[in-house]
Each structure stands twice: as C-alpha cells, then as structure tokens.
Amino acid sequence: MPSPNDPPAALPLTLDLEDFKGDFSFDALFGSLVDELLPEFHGDDAAGVPPPPPPLLGAAPPVFPAVDELLGLFKHSCKELVDLRRQIDKRLQNLKKEVSTQDAKHRKTLGELEKGVDGLFDSFARLDSRISSVGQTAAKIGDHLQSAESQRETASQTIDLIKYLMEFNSTPGDLMELSPLFSDDSRVAEAASIAQKLRSFAEEDVGRHGVTPAVGSANASRGLEVAVANLQEYCNELENRLLSRFDTASQRRELSTMAECAKILSQFNRGTSAMQHYVATRPMFIDVEIMNTDIQVVLGDDGPQADSSSIAEGLSILYKEIADTVRKEATTIMAVFPSPNEVMSILVQRVLEQRVTAILDKLLIRPSLASLPPIEEGGLLHYLRVLSVAYDKTKELAKELQSIGCGDLDIEGLTESIYVSHKDEYTEFEHASLRQLYQSKMAELRAEAKQQSESTGSIGRAKGASLNTSPQQLISVTVVTEFVRWNEEAISRCTLLFSQPTTVAANVRSIFACLLDQVSQYLTVGLDGARESLNEAAAMRDRYVIGTSVSRRVAAAAASAAEAAAAAGESSFRSFMMAVQRCASSVAYLQQYFSNTISRLLLPVDGAHPSACEDMGSAVSVVESAAHKGLLQCIDTVMCEVERLLSSEQKATDYRSPDDGAAPDHRPTNACIRIVAYLSRVLEVAFSALEGLNKQSFLTELGNRMHKGLLNHWQKFTFSPSGGLRLKRDITEYGEFVRSFNAPSIDEKFELLGIMANVFIVAPESLASLFEGTPSIRKDALRFIQLRDDYKTAKIASMLNSIMSE
C-alpha cells in the first residue's frame with residue numbers, strides 16, 4: 001500500500017484486466033496515465049492554457065518540471081502491471097489444473113464411447129446381412145409370384161383363345177354365334193389381334209399334321225381346318241370393314257381415324273394390304289383425266305412432233321407436279337401409318353412403274369430401223385433426243401423422290417429398269433442416226449451442186465473452169481464441223497445414259513468410229529472430185545497434142561486449145577490445193593476434238609485410247625493417200641505446163657544467135673520468164689495450202705522434176721558461148737525461184753547446173769579445169785559438152801578422150 005507521504009502521482013492507479021482485452025492500444029493507455037500531469041499535451045484542451053511565464057534574468061530555466069511525478073507514476077504503474085501479471089499467472093495455473101482434470105474425464109468417456117460404437121457397428125453389420133438375405137428371399141418370392149401371375153394370365157388367355165377357337169370351329173361359314181368381342185366395333189383392335197393369333201395357331205397345326213396325320217389327330221386337323229376357314233372369312237370381313245372405315249376417314253381427312261385403322265390393319269399381313277390399298281386409291285393412279293393430262297402437258301399442241309426442248313420443258317412441269325403430289329402424300333403417310341417408310345416405298349414404286357412409265361410409253365415410240373422416219377420429221381435423231389431428255393428428267397425426278405423419302409426402295413435401279421430396253425438398242429440407233437444424217441447431208445450437197453451446175457451452164461467452161469468442180473467436191477470445213485457437232489451430241493447422250501467406264505468407253509469408241517468413217521469418206525470423195533478435175537485437164541491437154549506437119553491455121557487452133565487446157569489445169573490445181581488446205585484444217589479440227597472430248601472418256605479403260613488412236617490413224621491415212629495421189633497429179637499438171645511453155649516459147653536462137661559476135665543479152669529467155677511467172681502464180685496457193693512435211697515433200701518433188709525436165713529440155717539445143725551465158729542467166733533465174741522452196745538439195749542441184757553451164761562459155765582447152773573443180777558434174781557435163789556449137793570443129797571429142805584417160 002502506498003504511504004501518505006507519496007507524491008500525488010503515486011496514488012493507486014485504476015488499471016484493470018479489462019483494459020487489455022479486445023483492441024488494446026499502448027498509446028491510449030499511456031495517454032490516460034500522463035493526461036493529468038501533462039495537460040499541455042492533452043490535445044484540444046491544452047489550447048486554452050496560457051503559456052508559462054518567461055524565465056527571470058539570471059535564473060536557469062527548469063529542464064522538465066513534471067519529471068519526478070512522471071517517474072513515480074511509471075514506477076507505480078510497473079508495480080501494478082507486475083501484480084496483474086501475477087494474478088493472471090495464478091489464474092492460468094488454476095485453468096491448467098482444471099483442463100487436465102477435464103481432459104482425463106473426457107478421455108475416459110471417449111474410450112467408453114468407442115467401445116459402444118464398435119458394438120453398434122457389429123450390430124449394424126449383422127443387421128445389414130440379415131436385410132440382404134431377406135431382400136434376396138423376397139426377390140425370389142417376387143419372381144416366383146410374377147412367373148406365377150404370368151402363367152396365370154397366359155393360362156387365362158389360352159383358355160379364352162381355346163374358347164374362341166371352339167367358337168370358330170363350330171360350323172363352316174357360320175359366324176353368327178361368336179362372342180360379342182368379334183362384333184363390337186369399339187373392340188375391333190382386340191378382336192383383330194385375337195383372330196390373328198387363332199389363325200396363326202390353326203394354320204400351324206394344320207400344316208404340322210397335314211402331311212402325315214396320325215389316326216388320333218385326324219378329326220382334330222379337320223376341325224382346325226374349319227376354324228382356319230372361318231377365321232380367314234372373319235379376318236377378310238374385318239379387314240374389309242376396316243378398309244371401308246379407312247376410306248371414309250380418308251375422304252374426310254380424319255387422320256386420327258385413319259391412323260387407328262392403319263394400326264389395326266398392320267396386324268393383317270403386316271399391313272401390306274392396307275398400304276397397297278391406300279396407294280392404289282390415290283387419284284393419280286385411278287383418274288383417267290389426270291393420265292390424259294400428263295401427256296398433253298408433255299407434248300403440248302404439237303403432239304408427237306414436238307421438239308426435244310419443248311418436251312424437256314413439259315417433263316419438268318409434269319415431274320414437278322408429281323413430286324409435289326408425292327410430298328403431300330408423304331405428310332399424310334407419316335401421320336397415319338405405323339411403318340411410313342414401307343408405304344413411301346410402295347408409293348414411289350407405283351409412281352415410277354405406272355404414271356411415269358405410261359408417259360414414257362407414249363413419248364418414246366421406238367422407230368423401225370428397216371424403215372427410218374423421214375429426216376424432215378426429225379429422223380432417228382428426234383427419237384434419240386427425246387430419249388436423252390426423258391432419261392435426264394426422270395433421273396432428276398428420282399433424286400427428288402429419294403429426297404422426299406422412298407424407304408428401302410432401290411429407286412436408281414428401278415429408274416434404270418424403265419429404260420433398259422431403250423438402252424440395249426441405243427448404240428444401234430445412234431449409228432443409224434449418224435448414217436442418216438450423213439446421207440442426208442451428202443444428198444443436200446449433191447442437190448446444191450446440181451443446181452449450181454444447171455444455173456451456170458457452160459459459163460464456167462468458157463472461163464476455163466473445171467467441168468466437175470462443185471461445192472460438194474470442194475471440201476468445206478463447215479461440213480466437217482457439222483459432222484463433229486453431230487458426234488459430240490451423240491457422245492453427250494452416251495455419257496448421260498451410261499455410267500460404267502467400260503460401257504462408256506466401248507460406246508464412245510464405236511460412235512467416234514462413225515465420225516472417222518464420215519470424215520474419211522467425205523474428205524476422200526472431195527479429194528477424188530478435185531483429182532477428177534485434174535484428170536479432165538490432163539485429158540484436154542492430151543486431146544490437142546498435134547504433130548509438126550500441120551497447117552498454120554490448125555496449129556493456131558491447137559495453140560488456142562492448149563491455152564484453154566492450161567487455164568483449166570491451173571484452175572484445177574488451185575481447186576485441189578484449196579481442197580488439201582481444207583482437208584488439213586478438217587483433220588486438225590478432228591484431232592482437236594479427239595484430244596479435248598474423246599480422250600478423257602477412253603483413258604480410264606485400258607487399251608481403249610490406243611485402239612481409238614489406231615482407228616483415227618487409219619482414217620487419216622486413207623485421206624493422206626488420196627491427197628498424195630492428187631499432189632502428184634498437181635506436179636504432173638505443173639510440169640506439163642512448164643514443158644508446154646518450154647516447147648512453145650523456147651527458140652533455138654535463144655542459145656545460138658546467128659549474130660554471135662554482137663553484145664550478149666543478159667536477160668532471161670522469154671521461156672524462162674514465162675515459166676517463172678507461171679510457177680510464182682500457180683504455187684502461191686500451194687505455199688499457203690500446204691504446211692510442214694507435206695509442203696516440204698511436195699516442193700522437193702517438184703524441184704526434182706523441174707531439174708530433170710530442164711536437163712532433158714536443154715539437151716535439144718546447141719549452145720554458143722553467148723548462148724551459154726544466157727543459159728546461165730536462165731539457170732540463175734530458176735535457182736532464185738526454187739530457193740523459195742527451202743529445199744537445200746534442190747538449191748544444190750541448181751547451183752551445180754549453173755557451174756555446168758560454164759562448159760558452153762569457157763575455151764575448149766579450159767574444160768579440164770571445170771572437171772577438177774567440181775568432179776560431181778562430170779557425167780552430165782560430158783553430155784552437155786557435146787551440145788557446144790564448136791564440138792566438132794574444135795575437136796573437143798578427142799580432147800575429152802585424153803581427159804578421161806588421165
């Protein structure tokens with residue numbers, strides 16, 4: 001306890017344990033201790049306290065006046081805090097003792113509880129085992145009870161069935177004494193089910209005993225046969241009643257009643273008769289007006305002569321109406337029948353086999369190959385186009401019906417079966433159609449040629465034209481293009497009607513072979529016609545060949561006729577070259593068509609493409625053979641005119657002038673000028689008509705013939721030195737012209753001719769040097785030397801002998 005002498009700050013404090021609970025703050029505790037001693041530090045309350053007086057002069061100011069009081073306060077506070085700690089420690093000791101005592105009691109209680117829980121677990125385990133055993137026993141009892149109930153129900157049903165069977169087994173045809181069940185309209189479904197069960201049992205029993213019946217069962221079998229007959233009669237009557245009710249509901253669009261009847265009818269033959277009855281009673285199958293309207297929609301006002309585009313449009317309209325009708329029926333079928341897919345299968349099959357087939361039978365009237373329809377009425381092509389259009393539209397209809405629903409029906413196979421007879425004979429009809437088109441075109445061209453020939457009369461012959469040149473003989477690329485167009489259309493039909501690559505390839509190859517035959521025959525006939533004009537021109541030349549001892553008047557007439565024959569030959573030459581050019585264009589067009597269209601259809605099948613290439617090569621070879629013969633005749637025609645010009649224009653004085661001492665004439669001879677002019681004019685068309693190897697071969701052959709002809713021609717003359725110079729000038733002129741042939745071998749021959757002409761120019765003693773420089777000309781040069789006008793006088797023969805001996 002504090003003494004009375006203690007300072008005021010040492011008075012007892014009011015510290016309590018509650019001050020240290022909750023949110024304890026040392027700053028707050030400290031503030032509560034010093035507030036009374038240091039009021040100037042007491043927040044807002046210190047604001048009204050006057051400041052301390054200033055210190056006196058000479059007196060030392062106090063450092064901290066309340067320090068002693070604060071020290072005493074702090075010491076007393078520490079003492080109280082120590083006392084509080086002791087109190088707390090004492091309480092803690094007491095609490096520990098109490099906790100220890102309670103913990104011991106708790107542990108003892110837990111041990112006792114654990115023993116009790118273990119006992120409970122054992123009891124629960126025994127109880128669960130007992131419950132499981134009881135449950136299994138109860139389940140077995142339930143199964144036995146359920147089996148007994150099922151057997152009881154079965155026995156009850158069997159008793160009822162036997163009772164019903166005995167009713168049906170009474171008198172044949174007597175159905176008047178049957179139970180009310182079989183005449184109650186409200187229990188039709190139950191009656192139908194029972195009747196079906198009875199009939200199945202009776203039929204099975206009759207079938208089992210019908211082969212080798214035992215003695216004891218003979219009467220029973222006969223009795224069941226009566227039941228079978230009565231049951232069949234009853235089922236038929238019931239089925240008819242249901243169908244009648246179904247039809248009445250169908251007319252009133254009472255879908256619920258229709259569905260009820262369909263469900264009951266499904267017990268008879270799995271509902272097949274009901275499904276077929278429903279489909280057969282659709283208006284599209286029984287209304288004659290609808291069937292007559294179908295063909296009118298397809299053919300229109302034109303009837304059987306309607307073109308394929310009109311028929312395609314009509315089929316699109318009709319097939320759309322059919323698809324819409326089937327789509328509406330599908331809605332009803334889905335709502336009514338328990339097996340809608342089976343009904344849709346029957347409906348779609350009936351649509352294709354009856355309605356579509358009826359249309360196609362009137363549309364696809366197969367013509368006779370023995371008596372083809374006139375081309376003016378469309379010919380066989382009309383039938384094929386209608387077949388293609390009908391097949392395409394029917395396939396589209398089949399896809400549309402399949403999207404609507406057709407159950408398990410093989411609609412693609414059914415569609416193919418409709419056209420199988422037409423497809424079997426398709427290739428034969430396609431070939432016959434192509435032949436008919438070709439024959440019609442050829443007849444048209446011959447008619448045009450005849451008409452043109454009659455209109456022109458003799459005008460063409462007066463102008464020197466060929467007698468038989470006609471549009472039919474002058475090949476037209478347009479005509480070949482038309483052939484290809486026919487074939488392309490046939491190929492498109494073939495790929496539409498057939499899908500198997502092997503079948504497609506076989507048909508495509510045979511159809512393409514028709515085109516090859518047509519093009520080959522047309523081009524060959526055209527080339528032969530052009531060749532005939534060459535033959536006629538040659539006959540005209542031969543007709544006016546005369547001897548030398550004729551009068552001047554006869555010679556003049558013959559010369560005039562020869563000029564006309566030459567003009568005819570030049571005209572026929574141009575005509576044939578035009579034919580060759582058009583022939584080459586036609587073959588190129590044919591090859592392009594083969595590459596772009598035919599090849600891709602043949603390549604998937606082994607051997608088909610090479611075989612077609614061989615076929616095309618054979619066809620082109622026939623055309624090339626005819627063209628080759630004609631080109632040789634063209635060369636003959638040109639060379640005949642060259643020889644005529646040489647014969648008529650070449651004078652002996654051209655190469656041996658009487659006045660040989662005069663200045664030499666460096667101009668080509670008149671014959672050379674005429675020949676080069678003729679060749680330039682006539683070969684202009686050859687240069688444009690021929691290409692590639694054909695052009696090279698033709699010009700090379702012509703160059704060789706010219707070289708040989710000129711050599712033979714010049715051997716008829718005698719040459720003076722000035723004549724030799726003029727001959728060399730002619731050779732140079734010929735050489736410059738043949739250089740346009742782009743044939744190196746021909747250029748070389750004419751260069752050697754130019755060198756060989758030097759045998760007429762050089763002095764006799766210099767002839768040996770010519771042979772040394774160009775020994776290849778020795779053989780021809782020795783013949784030409786003999787044509788020198790001084791051959792005998794200069795004794796060149798002996799000189800040549802000495803040269804040859806060396």
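Each value in this text was obtained by applying a stated rule to the coordinates, not by laboratory testing. Remember, it's a predicted structure, so these values are computed and weren't measured experimentally. Heads up, the Cβs are rebuilt from the backbone with ideal geometry, glycines too, and the neighbour counts pull from every protein chain shown.
Figures for the structure shown
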read-out	value
Distance between modelled label sites at Val420 and Glu643, nm, 7 Å Cα→Cβ extension	7.1 nm
Within straight-line cross-link reach of Lys450, lysines at Cα separation under 23 Å, skipping those fewer than 8 residues along the same chain	Lys441, Lys463
Peptides ranked, highest mean first, by Cβ atoms within 10 Å: ranges 292-303, 106-117	292-303, 106-117
Given Lys716/Lys749; Lys90/Lys115; Lys79/Lys105; Lys115/Lys140; Lys695/Lys728, the pairs whose alpha carbons are separated by over 30 Å	Lys90/Lys115; Lys79/Lys105; Lys115/Lys140
Gain upon complete extension [Arg152, Leu693; 0.36 nm per residue less C-alpha separation]	184.3 nm
Built amide H within the under 5 Å cut-off of Phe719, gap 5+	Arg788, Asp789
Across Lys708/Lys779; Lys21/Lys75; Lys362/Lys395; Lys263/Lys320, pairs whose alpha-carbon gap is larger than 20 Å	Lys21/Lys75; Lys263/Lys320
Nitroxide proxy distance, nm - points 7 Å out along Cα→Cβ at Ala677 and Asp636	2.8 nm
Mean Cβ count within 10 Å, highest first, over the residues of peptides 726-732, 612-618	726-732, 612-618
For region 384-446 and region 496-527, distance of Cα centres in Å	18 Å
Gain upon complete extension [Thr248, Val117; 0.36 nm per residue less C-alpha separation]	39.3 nm
Separation between Cα centres of region 299-323 and region 349-372, rounded to whole Å	14 Å
Förster radius 35 Å - calculated FRET efficiency between Arg485 and Asp528, Cβ distance, rounded to 0.05	0.90
Potential extension, Ser657-Arg543 segment - 0.36 nm per residue separation minus Cα distance	37.6 nm
Cβ-derived FRET efficiency at R0 30 Å, Leu38 paired with Gln87, nearest 0.05	0.55
Pair Val134, Lys399: separation of 7 Å Cα→Cβ label points (nm)	7.3 nm
Pairwise FRET efficiency - Glu353 versus Asp307, Cβ, R0 = 41 Å, nearest 0.05	0.90
